[in-house]
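K.L.:
Before we start, here is the structure in question, set down as structure tokens.
The values are calculated or read from the model by the stated rules, or taken from the named source; none is laboratory data. Note that the coordinates shown come from a computational prediction; the quantities given were computed from them, not determined experimentally. Here the Cβ positions follow ideal geometry from the backbone for every residue, glycine too, while neighbour counts run over all protein chains shown.
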Amino acid sequence: MRHRSWVSVLLLLAAATACSSGEATQNGKTELTIATFNEFGYEDLLKEYEAAHPDVKLTQRKTGQGAPHHQNLFTKLGAGSGLADIEAVEEGYLSQVMDKAGQFNDLKEIGPNVDNRWLKWKTDAATTKDGKLIGYGTDIGPLAMCYRKDLFEKAGLPSDPEAVKALFATWDSYFAAGDQFIAKSGGVAWFDSASQVFNAMHNQHEVGYFDKSDKLVVETNPAIKADWTAVTNAVAKGQSAKLVAWSNEWNSGFKAGAFATKTCPSWMLGVIEAQAGAENKGKWAVTEAFPNGGGNWGGSYLTVPKQGKNAKKAAEVAAWLTAPEQQIKAFKAKGTFPSQVQALKDPALLEQTNAYFGDIKAGSLFAAQAQKVAAAQYKGPKDGQIQENVFSPALQSVEQGKSADEGWKTAVAEAQKVAK
């Protein structure tokens, strides 16, 4: 057997030291992985971080859609291994992550001091009952209302973005305007989907389908039944186009002018432009109003699972990626709307215009809408499952002919099964 050289011995000792410290290293660099989905706008930012931190090597695992990313996340949480050092979590899955908060690092403990960076409601949603911060906020989806100006004009409704605000002041005024529209619309629906409207209404309440002790409150919270009644009454009056969100029919409904209004988070502008097409440019508008105040739909967080070997450095990377300067860069790259207080004041955001929607200052509009969100809704561990797998199909069944009462009974029964 050949004797090892002293250089080899020293290299082995260095590797052993690195392993014993819990850090994954290669060529003297700390290796970190970040798992994301869809578009976070991080490609150039990761290169920028590496250039400023030559001792760090970053690898991005990027999944095309959110569902498989989160399925992988929960599978590896259960297995106890295989997660990235930084895992992105979409707000629709956040309640499930909060239920497993013990498997994630408290970023207040291991991360840099970044207090008060974010809108309070954004941070509150990722804070456990005992005060641990599980995720740094990335983007958000503040809600406004989008509508077809030409269809409003044909139905005798005001169409200017300022003039329509009164129609969208409350849910009562919104559905009342829907009655006016349907009476003269010639068969065009007022909104796309009952579940899209119901979810926006529901998410404005202090608690979701569970109270803060994680008790199911579908039957005992009168606000949930009131929202159900308001939406299903509108369905009965012909206000819904009865489309399943993200289906081919829903996509083509934008181009065909199948409905006149759309609950509209900031990222929906891109969806509308893509689906409605160039021929409808200038017909769609967005106004700085949303029924009953503000709301949010969408956005994510960066978390640091305890499985990782380099938690402190991972937290430093996550904090840097979600800093105001980087949120603006991500916004410019992919349109992800910032959740950082300072980023929401940046001229690059406030002066951004959208030519498809009549050159409106969309950045300024949605920054104002973000400030209207009163608080983060408390969501129990299976809140997202009940919304997606119980109430959405129950509302679709009403749109397809089931009575509102029967649909409600089905929703309650199915929610109780999920909550067990």
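K.L.:
Give the residue that is farthest from the chain's Cα centre (by Cα), with candidates limited to residues of segment 164-193 that are assigned to a loop (DSSP other than H, G, I, E, B) and among the small types (Gly, Ala, Ser).
P.N.:
Our first condition is that a residue be assigned to a loop (DSSP other than H, G, I, E, B); within segment 164-193, this holds for 169-170, 185-188, 192-193.
From what's left, among the small types (Gly, Ala, Ser): 169, 185-187, 193.
Values: 169: 23, 185: 32, 186: 35, 187: 32, 193: 19 Å.
Looking at residues that are assigned to a loop (DSSP other than H, G, I, E, B) and among the small types (Gly, Ala, Ser), I get 186.
K.L.:
Restricting attention to segment 122-163, which residues are under 25 Å from residue 338 (Cα atoms), touching a Pro at 6+ places or on another chain (Cβ under 9 Å) and not in a strand (DSSP E or B)?
P.N.:
The answer is none; no residue qualifies.
K.L.:
How many residues are closer than 24 Å to residue 336 by Cα and either part of a strand (DSSP E or B) or modelled with pLDDT under 95 (or both) when one looks only at segment 40-79?
P.N.:
Our first condition is that a residue be closer than 24 Å to residue 336 by Cα; within segment 40-79, this holds for 40-52, 58-73.
Restricting the remaining residues to those that are either part of a strand (DSSP E or B) or modelled with pLDDT under 95 (or both) gives 58-67.
Final tally of qualifying residues: 10.
K.L.:
May I ask you to say which residue of 372, 309 is part of a loop (DSSP other than H, G, I, E, B), touching a residue at least 60 places away in the same chain (Cβ under 8 Å), in contact with a Gly (Cβ under 7 Å, 6 or more places away or on another chain) and within 20 Å of residue 112 (Cα to Cα)?
P.N.:
Details: 372 fails: within 20 Å of residue 112 (Cα to Cα).
Every option except 309 fails the conditions.
K.L.:
Among the numbered conditions (1) within 28 Å of residue 376 (Cβ to Cβ); (2) in contact with a helix residue (DSSP H, G or I) (Cβ under 6 Å, 6 or more places away or on another chain), tell me where residue 158 comes up short.
P.N.:
(1)
K.L.:
From 214, 227, which residue is touching a helix residue (DSSP H, G or I) at 6+ places or on another chain (Cβ under 6 Å), charged (D, E, K, R), in the same structural domain as residue 177 (by TED's automatic domain parsing) and surrounded by 14 or more Cβ atoms within 10 Å (Cβ to Cβ)? Before you say what the answer is, go through the steps one by one.
P.N.:
Values: 214 fails: touching a helix residue (DSSP H, G or I) at 6+ places or on another chain (Cβ under 6 Å).
None of the others qualify; the one that does is 227.
K.L.:
State yes or no: is residue 406 closer than 30 Å to residue 46 by Cα, at pLDDT 95 or above, acidic (Asp, Glu) and not in a loop (DSSP other than H, G, I, E, B)?
P.N.:
no
K.L.:
When you check residue 122 against the structure, is it assigned by TED's automatic domain parsing to the domain that holds residue 377 and either within 26 Å of residue 345 (Cα to Cα) or in contact with a Ser or Thr (Cβ under 7 Å, 6 or more places away or on another chain) (or both), yes or no?
P.N.:
Working: assigned by TED's automatic domain parsing to the domain that holds residue 377: no; either within 26 Å of residue 345 (Cα to Cα) or in contact with a Ser or Thr (Cβ under 7 Å, 6 or more places away or on another chain) (or both): yes.
Considered against the rule, which asks whether it is assigned by TED's automatic domain parsing to the domain that holds residue 377 and either within 26 Å of residue 345 (Cα to Cα) or in contact with a Ser or Thr (Cβ under 7 Å, 6 or more places away or on another chain) (or both), residue 122 comes out as no.
K.L.:
Kindly establish whether residue 122 is at pLDDT below 95 and of a type outside the set (S, T, N, Q). Even if it seems obvious, please write down each step before you answer.
P.N.:
Working: at pLDDT below 95: no; of a type outside the set (S, T, N, Q): yes.
Spelling it out, it is not the case that residue 122 is at pLDDT below 95 and of a type outside the set (S, T, N, Q).
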